[in-house]
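Q: Below you will find the structure I want to go over with you.
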Amino acid sequence: MRPTTLLGNRQPASVALAQTRRVYVFDHLGFGQSDQREGQDLSLTAHAGNFARLLDHWELPRPSVVAHDIGGAVALRTLLLEKRSYRDLTLFDAVSGGEWERGLFQLILEHADVFHQLPDYAHEALVASHIRHATHVGLRPEVLDAHLAPWRGADGQAAFYRQYSQIRQADTAAYERLLGTMTLPVRIIWGREDRILPPEYAEWLHARVPHAELHWIDGAGHLLQEDAPSRLTAHLVQGGAPGRDACRVDPRGN
């Protein structure tokens, strides 16, 4: 049984893939249930270096890699700049390049000190709103609560703005010129209703990796794993040969 690395949420796709693959999940430092503390280097450069070293530690020379959100940037930096090899790569609603440093993200970069000082109720309301903005069909209260949990309290609030203030567009610009050199099989899966990374970001990436497959999921937003778990799982299970190892990269693991 070969490995698949999943940079992300350990949800139905992971369970389904585990029927035919050995699945590894990379939960980014500072996110989800990972350690959160002052002084952490949470840049995309650092995440990619950590992922590369973890692939070496796991002794996974050519896993299938599935990545979501900033996991896409981590997977691409690891492939193109850290020079690790993948069997194939699947990116769904993933940061990959272009002008993605915008909106709330840009405001936090410019005014991090203000956001750190928000009262706890205002911080929680902002994060909850941001998470709701990432879904098209809505979240059950217990699911929203699970997504909110890592960012609650003084430590969670500090961790939320700490990671946002360190993730920069310059770290994806560094590899953009290399996207066209990729020869491995690449799939792009995108929610038609993604408001965090609208469909033009999928088209931007597809134009630069012209041999990649592009699949749209209608009626779903940025959080495909919440809005359309069955359709996402079907794409992931059908997209690779049985017996491959799989890795998933996604900062939203809980």
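The values are calculated or read from the model by the stated rules, or taken from the named source; none is laboratory data. For clarity, every value in this text was computed on a predicted model and none was experimentally measured. Here the Cβ positions follow ideal geometry from the backbone for every residue, glycine too, while neighbour counts run over all protein chains shown. Just the protein is used for accessible areas: all its heavy atoms, side chains included, with ligands, DNA and RNA removed. Shrake-Rupley method; radii C 1.70, N 1.55, O 1.52, S 1.80 Å.
Q: Mind checking whether some residue in the range 167-174 is open to solvent by less than 10 Å² (accessible area, probe 1.4 Å), touching a residue at least 12 places away in the same chain (Cβ under 8 Å), not in a loop (DSSP other than H, G, I, E, B) and not basic (Lys, Arg)?
A: So in the range 167-174, the residues open to solvent by less than 10 Å² (accessible area, probe 1.4 Å) come out as 167, 172.
If we keep only those that are touching a residue at least 12 places away in the same chain (Cβ under 8 Å) too, we end up with 167, 172.
Right, trim to not in a loop (DSSP other than H, G, I, E, B) and you get 172.
From the residues that got through so far, the ones that are not basic (Lys, Arg) too are 172.
Yes, because at least one residue in the range 167-174 is open to solvent by less than 10 Å² (accessible area, probe 1.4 Å), touching a residue at least 12 places away in the same chain (Cβ under 8 Å), not in a loop (DSSP other than H, G, I, E, B) and not basic (Lys, Arg).
Q: Restricting to the range 214-254, what's the tally of residues that are at pLDDT 70 or above and part of a loop (DSSP other than H, G, I, E, B)?
A: 7
Q: Within the range 31-61, how many residues are part of a loop (DSSP other than H, G, I, E, B), in contact with a Pro (Cβ under 8 Å, 6 or more places away or on another chain) and open to solvent by less than 60 Å² (accessible area, probe 1.4 Å)?
A: Final tally of qualifying residues: 4.
Q: Taking VAL66 as meeting all but one of (1) open to solvent by 50 Å² or more (accessible area, probe 1.4 Å); (2) of a type outside the set (D, E, K, R); (3) touching a residue at least 24 places away in the same chain (Cβ under 8 Å), write down the number of the exception.
A: The one condition VAL66 does not meet is (1).
Q: Next question, about the same structure. Name the one entry in GLU110, GLU142 that is charged (D, E, K, R), out of contact with any helix residue (DSSP H, G or I) (no Cβ under 7 Å at 6 or more places or on another chain), at pLDDT 95 or above and exposed (fewer than 15 other Cβ atoms within 10 Å of the Cβ).
A: Among GLU110, GLU142, only GLU142 is charged (D, E, K, R), out of contact with any helix residue (DSSP H, G or I) (no Cβ under 7 Å at 6 or more places or on another chain), at pLDDT 95 or above and exposed (fewer than 15 other Cβ atoms within 10 Å of the Cβ).
Q: Test of understanding: among ILE131, ILE189, which residue is closer than 30 Å to ALA234 by Cβ, in a helix (DSSP H, G or I) and under 17 Å from the mean Cα position of the chain (by Cα)?
A: Checking each option against the conditions leaves just ILE131.
Q: Right, next: Pairs under 7 Å by beta carbon, first residue without any contact (Cβ under 8 Å) to a residue 60 or more places away in the chain in the range 83-103, partner open to solvent by less than 60 Å² (accessible area, probe 1.4 Å) and polar (S, T, N, Q), six or more apart or different chains?
A: ARG84/THR78
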